[in-house]
1. Using beta carbons and a limit of 8 Å, which pairs, at least six apart or on different chains, have the first residue in segment 20-42 and of a type in the set (S, T, N, Q) and the second one open to solvent by less than 70 Å² (accessible area, probe 1.4 Å)?
2. All but one of (1) over 14 Å from Asn16 (Cα atoms); (2) modelled with pLDDT under 90; (3) of a type in the set (Ser, Thr, Tyr); (4) surrounded by 14 or more Cβ atoms within 10 Å (Cβ to Cβ) hold for Ser90, so report the exception by its number.
3. Kindly indicate whether Glu80 is within 20 Å of Tyr132 (Cα to Cα) and either surrounded by fewer than 16 Cβ atoms within 10 Å (Cβ to Cβ) or in contact (Cβ under 8 Å) with a residue 12 or more places away in the chain (or both).
4. Condition first: more than 16 Å from Trp97 (Cβ to Cβ), small (Gly, Ala, Ser) and either at pLDDT 90 or above or touching a Cys at 6+ places or on another chain (Cβ under 6 Å) (or both). Now tell me which residues in segment 20-63 satisfy that.
5. Among (1) at pLDDT below 90; (2) touching a Ser or Thr at 6+ places or on another chain (Cβ under 7 Å); (3) open to solvent by less than 20 Å² (accessible area, probe 1.4 Å), which single condition is Cys72 missing?
Amino acid sequence: MPDTPPPPIGKGHNYNETALKVLSNMTQNGGSIVQKDIRQLIALSPSYLIVDSTVHQADGVSQWALGLNRICETLHRKGELELETLNEMSRACAEAWSITSSWRGMEKGKTVIGDLSARLRENVLDPDGLSYKGEAIYVP
């Protein structure tokens, strides 16, 4: 069987496309979202940030944030967002912030992460910005 060549750089999926595909596959035919699996995808998001910002330099960071936001808003809109999933999101944002602070050329990432955090505070968290449905969330 002949070896198939790897896909050209820049043609692979970014985090947003991956999140969309995972959510779509889970909810296909009325299925539910398995948050344990979603938390694993969220935990991988800082690694995707590095890949997306390197392979998709023009919009990789923005697409990464869009994917993370898509997961959270989908679960929140359906009334299924679990505290542990939101905590994982907060940890991923903190790790991503560290990455953007440590790597050259990732300055845009801080702005995108700040915007994502602000949207979560405004649209998902309780008015105090430190809890969700009365339960304290992970705050780095």
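The values are calculated or read from the model by the stated rules, or taken from the named source; none is laboratory data. Keep in mind it's a predicted model, so treat the numbers as computed, not measured. Counting neighbours? That spans all protein chains shown, and the Cβs are built from the backbone with ideal geometry, glycine included. Keep in mind that these areas ignore ligands, DNA and RNA; they rest on the heavy atoms of the full protein, side chains included. Shrake-Rupley method; radii C 1.70, N 1.55, O 1.52, S 1.80 Å.
1. Thr27/Ile33; Ser32/Met26; Ser32/Glu80; Gln35/Leu75; Gln35/Glu80; Gln35/Thr85
2. (2)
3. Yes.
4. Listed by number, the list holds a single entry, Ser24.
5. It fails just one condition, (2).
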